[in-house]
Amino acid sequence: MKSSVKQISAGSAALNVARRELAGYFATPVAWVFIVIFLVMSGVFTFYIGSFYERGMADLAPFFQFHAWLYLFLVPALSMRLWAEERRSGSIELLLTLPLTTWQAILGKFLAAWLFIGIALALTFPTWLTVNYLGNPDNGVILTGYIGSWLMAGGFLAIGSCMSALTRNQVVAFILSVVVCFGFLLSGLPMVMSLFSAWAPQGLLDLVANFSFLTRFAAISKGVLDARDVVYFGLVILFWLMANTVILELRKAD
Amino acid sequence: MSEVRIEARALTRRYGKLVAVRDLDFRIEAGEVLGFLGPNGAGKSTTMKMLTGFLAPTSGTALINGHDIVTDSLAARRCMGYLPEGAPAYGEMTVRQFLQFIARARGFSSGEVVKAAGSAMERLNLEHVSGQTIETLSKGFKRRVGLAQAILHDPAVLILDEPTDGLDPNQKHEVRGLIREMSADKIIVISTHVLEEVHALCNRAMIIADGRLLVDDSPRGLLRRSKYHNAVTLVVDQPERAASVLSELPQARKVEIRDGELTVFPLAGAALFEEISDCIRQHRWEVHELRFEAGRLDEVFRQVTSGEGQ
């Protein structure tokens, strides 16, 4: 009898899951619907609402400016199925009895979705071509803008993945994700800050302000790729994926 | 390879206050095909989910080939194949893609992946649907895909949760055939609430209810627990008259008439068949039907799980 005890490295286990997931996106309408809506919406925001032409400036500020709001709804729409669907169809039992850890499965699914958003983001390149055709933009700033946008999407996605593990109902997962993402998005705005400023100590105020995706992203999209901002998004992603692991372990049985 | 073995030690799982599985202790050796029986909600699936590493036990543990499912879960999973209830899979994938994904996850090198998936498809006659997405397959084929992913790495232990549930009789027959083929040197654990399955497939049966192990026996042993074991049933023209004669037999414990069928129950260990044949010949009864009862599993099942009967 052939020995079936084979080791598989942690990295390749996660990559195998990621690969399957990514192929899954493109095997269903999910990928195409997401990409089309993302491109159309970002076009609408940039050219109409963001007054791309009227501003008369050769940069992509109006393009990136609305990404946070676009992600607020589109990323949860993508992430809501990550675990809720596995649970509904029962395939979670198959996935999590394969010789891989829960963390590897979570990481693999996250990476696939993140890469997928990266692809959608890369497909906005005509906007970049347009601005280069019309003027002489600082392409370094545009590149950091793209990186920042992708990092922010990762943050939203990690939250969404975690929320998706809470329920087998995708609609519930979607709404929970939007609410939590909204909190993270707004935490730096005066509206939210004034809620805290009346009573909270300065330290907490700074902490809350520092949690804002918007503040961090604004800094990066101005062309300053500060290591602290990158680390911030990295930590946000790590935190939510770890929370995801805990929740999944606890709620697997439901 | 050392002897394959599953060993459960005080395996327990609680959901909140509910105790789904309670102090389960058992040992399964290579070559055994174990039928795991019990009413719905008895804890069969929970036990299987713990053995396969999906759920962590609340207390206790089990060893699969010596690998502790709590402390060495990945190693334990590597020597197991698992068909979860309802044979879930990724519907949007084709059969081939899906099995190749499983092969990669099972640690086959990129060179072997195609071969491993191919031979699993071959064993389960899936080649002609290999390019079809799983969601378009019939229930029977989906089940075969589920079995294919479970046996792909030729595991020493196969755990199948209701492998024939929801299939039509032909599909059931087919799946049973497949399981029987695989059973030679493995441990196979099958959960089911279909009793005929135990007869058809298993050489050992465990009945659990309320998370407790109630009976651990061979299928034959189970039949022996039936009050119908060694009883004789006959359909005869004048059942009342026959009944009064048969109840005089020294070996008969009881005679019962139900739906026009007359059943004679023997005293423990006694044989009745010959005596009854003699009676029939002597009294020249018109007998339309005569059968020897090995025992009735459904009756044993009810008796064990509901405390009904003896």
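Of all residues in segment A:77-116, those satisfying the criterion of being at pLDDT below 95, closer than 13 Å to A:Leu157 by Cβ and in a helix (DSSP H, G or I) are A:Ala77, A:Leu78, A:Ser79, A:Arg81, A:Leu82, A:Trp83. Scan segment A:205-250 for residues that are in contact with a Gly (Cβ under 7 Å, 6 or more places away or on another chain), farther than 25 Å from A:Leu195 by Cα and not small (Gly, Ala, Ser) and the total you get is 2. Suppose the filter is in contact with a helix residue (DSSP H, G or I) (Cβ under 7 Å, 6 or more places away or on another chain) and of a type in the set (A, V, I, L, M); does A:Leu238 pass it? Answer is no for this residue.
Residue-by-condition table, conditions (1) outside any helix (DSSP H, G or I); (2) touching a residue at least 60 places away in the same chain (Cβ under 8 Å):
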| position | (1), (2) |
| --- | --- |
| A:Ile159 | no, yes |
| A:Met193 | no, no |
| A:Ala209 | no, no |
| A:Gly223 | yes, yes |
| A:Leu235 | no, no |
| A:Ala243 | no, yes |
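So is A:Val179 within 18 Å of the chain's Cα centre (by Cα), closer than 30 Å to B:Tyr15 by Cα and surrounded by fewer than 16 Cβ atoms within 10 Å (Cβ to Cβ) or not? Spell out the reasoning first.
Numbers: within 18 Å of the chain's Cα centre (by Cα): yes; closer than 30 Å to B:Tyr15 by Cα: yes; surrounded by fewer than 16 Cβ atoms within 10 Å (Cβ to Cβ): yes.
Spelling it out, A:Val179 is indeed within 18 Å of the chain's Cα centre (by Cα), closer than 30 Å to B:Tyr15 by Cα and surrounded by fewer than 16 Cβ atoms within 10 Å (Cβ to Cβ).
Counting only residues that are touching a Lys or Arg at 6+ places or on another chain (Cβ under 7 Å) and hydrophobic (A, V, I, L, M, F, W, C), segment B:178-222 holds 3 of them.
Out of B:Val287, B:Val300, report the one residue that is closer than 30 Å to B:Asp165 by Cβ and not assigned by TED's automatic domain parsing to the domain that holds B:Gly31.
On the way: B:Val287 fails: closer than 30 Å to B:Asp165 by Cβ.
Of the residues listed, the single one that is closer than 30 Å to B:Asp165 by Cβ and not assigned by TED's automatic domain parsing to the domain that holds B:Gly31 is B:Val300.
Whether any residue in segment B:232-247 is within 30 Å of B:Leu34 (Cα to Cα) and either touching a Leu at 6+ places or on another chain (Cβ under 8 Å) or not β-branched (Val, Ile, Thr) (or both) is what I want to check. The answer is yes; a qualifying residue exists. Is one or more of the residues making up segment A:142-159 aliphatic (A, V, I, L, M), touching a Ser or Thr at 6+ places or on another chain (Cβ under 7 Å) and either at pLDDT below 90 or under 15 Å from A:Val75 (Cα atoms) (or both)? Yes; the residues of segment A:142-159 include at least one that is aliphatic (A, V, I, L, M), touching a Ser or Thr at 6+ places or on another chain (Cβ under 7 Å) and either at pLDDT below 90 or under 15 Å from A:Val75 (Cα atoms) (or both).
Residues in segment B:80-98 that are assigned to a strand (DSSP E or B) and closer than 20 Å to B:Ile187 by Cβ: B:Met80, B:Gly81, B:Tyr82, B:Leu83. If the condition is being over 20 Å from the mean Cα position of the chain (by Cα), surrounded by fewer than 23 Cβ atoms within 10 Å (Cβ to Cβ) and not acidic (Asp, Glu), then segment B:1-21 contributes B:Met1, B:Ser2, B:Arg9, B:Ala10, B:Thr12, B:Arg14, B:Tyr15, B:Gly16, B:Lys17, B:Leu18, B:Val19. Inspection of segment A:24-31 finds no residue satisfying the criterion of being part of a helix (DSSP H, G or I), surrounded by fewer than 16 Cβ atoms within 10 Å (Cβ to Cβ) and touching a residue at least 12 places away in the same chain (Cβ under 8 Å). What do you reckon, is A:Phe34 in a helix (DSSP H, G or I) and either within 14 Å of chain B (Cβ to nearest Cβ) or in contact with a Gly (Cβ under 9 Å, 6 or more places away or on another chain) (or both)? No.
Would you check if A:Phe47 is part of a helix (DSSP H, G or I), touching a residue at least 40 places away in the same chain (Cβ under 8 Å) and of a type outside the set (A, V, I, L, M)?
no
The lone criterion from (1) more than 8 Å from chain A (Cβ to nearest Cβ); (2) in contact with a His (Cβ under 9 Å, 6 or more places away or on another chain); (3) farther than 22 Å from B:Glu196 by Cβ; (4) charged (D, E, K, R) left unmet by B:Arg78 is number (1). Candidates are the residues of segment A:87-119 that are within 14 Å of chain B (Cβ to nearest Cβ) and of a type in the set (Val, Ile, Thr); the one that is nearest to B:Lys142 (Cα to Cα) is A:Ile92. Residues in segment B:62-109 that are within 30 Å of A:Pro29 (Cβ to Cβ) and not hydrophobic (A, V, I, L, M, F, W, C): B:Pro84, B:Glu85, B:Gly86, B:Pro88, B:Tyr90, B:Gly91, B:Glu92, B:Thr94, B:Arg96, B:Gln97, B:Gln100, B:Arg104. Of all residues in segment B:215-249, exactly one satisfies the criterion of being basic (Lys, Arg), out of contact with any Phe, Trp or Tyr (no Cβ under 7 Å at 6 or more places or on another chain) and part of a loop (DSSP other than H, G, I, E, B), namely B:Arg225.
The rows are residues; the columns are (1) crowded, with 24+ Cβ neighbours inside 10 Å; (2) without any contact (Cβ under 8 Å) to a residue 24 or more places away in the chain; (3) within 12 Å of another protein chain (Cβ to nearest Cβ); (4) farther than 24 Å from A:Gly108 by Cα.
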{"site": "B:Pro39", "(1), (2), (3), (4)": "no, no, no, yes"}
{"site": "B:Ser45", "(1), (2), (3), (4)": "no, no, yes, yes"}
{"site": "B:Ile69", "(1), (2), (3), (4)": "yes, yes, yes, no"}
{"site": "B:Val95", "(1), (2), (3), (4)": "yes, no, no, no"}
{"site": "B:Gln100", "(1), (2), (3), (4)": "no, yes, yes, no"}
{"site": "B:Gly111", "(1), (2), (3), (4)": "no, yes, no, no"}
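Looking at segment A:229-242, which of the residues that are crowded, with 17+ Cβ neighbours inside 10 Å and of a type outside the set (Asp, Glu) is farthest from the other protein chains (Cβ to nearest Cβ)?
From segment A:229-242, those crowded, with 17+ Cβ neighbours inside 10 Å are A:229, A:232-233, A:236-237, A:240-241; that's our starting set.
This time we only want the ones that are of a type outside the set (Asp, Glu), so: A:232-233, A:236-237, A:240-241.
Working: A:Tyr232: 33, A:Phe233: 29, A:Val236: 28, A:Ile237: 24, A:Trp240: 23, A:Leu241: 20 Å.
Of everything passing the filter in segment A:229-242, A:Tyr232 is farthest from the other protein chains (Cβ to nearest Cβ).
Of all residues in segment A:75-100, which are of a type in the set (Val, Ile, Thr), within 24 Å of A:Ala10 (Cα to Cα) and touching a Ser or Thr at 6+ places or on another chain (Cβ under 9 Å)? If the condition is that a residue be of a type in the set (Val, Ile, Thr), within 24 Å of A:Ala10 (Cα to Cα) and touching a Ser or Thr at 6+ places or on another chain (Cβ under 9 Å), then A:Thr97 is the only one that fits.
Taking the condition of being of a type in the set (Gly, Ala, Ser), within 22 Å of B:Ala268 (Cβ to Cβ) and crowded, with 19+ Cβ neighbours inside 10 Å, how many residues in segment B:206-242 meet it? It would help to see each step written out before you state the result.
Going residue by residue through segment B:206-242, those that are of a type in the set (Gly, Ala, Ser) are B:209, B:211, B:218, B:221, B:226, B:231, B:242.
Those left that are additionally within 22 Å of B:Ala268 (Cβ to Cβ): B:218, B:221, B:226, B:231.
With crowded, with 19+ Cβ neighbours inside 10 Å added as a condition, the list becomes B:226, B:231.
Qualifying residue count for the region: 2.
The values are calculated or read from the model by the stated rules, or taken from the named source; none is laboratory data. What you see is a predicted model; the values in this text were computed from it and never measured. In this analysis, Cβ positions are derived from the backbone assuming ideal geometry, glycine residues included, and neighbour counts consider all displayed protein chains.
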